[in-house]
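In what follows, a single structure is set out as structure tokens and then discussed.
The values are calculated or read from the model by the stated rules, or taken from the named source; none is laboratory data. Just so it is clear, the model here is predicted, and its values are computed rather than measured. We place every Cβ from the backbone using ideal geometry, glycine too, and count neighbours over all the protein chains shown. Note: areas computed on protein heavy atoms with side chains; ligands, DNA, RNA excluded. Shrake-Rupley method; radii C 1.70, N 1.55, O 1.52, S 1.80 Å.
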Amino acid sequence: MTNLTGIPAPKVPGMWPLVSELVTKALDRSNGAKNADDVLMALMRRDMQLWMADDDERGVRAICVTEVINHPQRRACFIYLVAGIERDEWLDHEKGLSAWAREQGCGFMETYARVGWKRVLKDWTPTAVVLHKEL
């Protein structure tokens, strides 16, 4: 069984060697707007939050980076990236992230994800399609 741990900003530099490869892996599937160093700096500034699903015997199984966004009318918890191995072991931690987001005053959660996540996140509603064009 994995544990979900929110990593406080002062501890991020010490944990970075354990999670940087997974952050880079997740960013490899993004549009190149941020690199791992950008994410590290945002985590250290407390602009983003690092979450880790780990197992005492097997170590880090997954990571998640969130960002609390203050929209004019509502606060949201944006899941910026997720990466890991053996998804069935840690996917249920989304409920813990949702509870944390509610505690932060967030009224909803959102993410940009590959199409396949629609099948996995059954209680999430697709509300838009993100289109991307390189210039």
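Residues checked against (1) surrounded by fewer than 18 Cβ atoms within 10 Å (Cβ to Cβ); (2) within 15 Å of the chain's Cα centre (by Cα); (3) within 21 Å of LEU97 (Cα to Cα):
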site	(1), (2), (3)
PRO8	yes, yes, yes
GLU21	yes, yes, no
ASN31	yes, no, no
ASP38	yes, yes, no
LEU43	no, yes, yes
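Taking region 76-91, which residues are out of contact with any helix residue (DSSP H, G or I) (no Cβ under 6 Å at 6 or more places or on another chain), over 17 Å from ALA26 (Cα atoms) and open to solvent by less than 100 Å² (accessible area, probe 1.4 Å)? The answer is ALA76, GLU89. Remark: ALA113 matches the filter, which requires a residue to be among the hydrophobic types (A, V, I, L, M, F, W, C) and touching a Leu at 6+ places or on another chain (Cβ under 8 Å). Can you work out which of the residues in region 45-70 that are modelled with pLDDT of 95 or more and open to solvent by 30 Å² or more (accessible area, probe 1.4 Å) is farthest from TRP100 (Cα to Cα)? Only one residue tops the list, namely ARG45.
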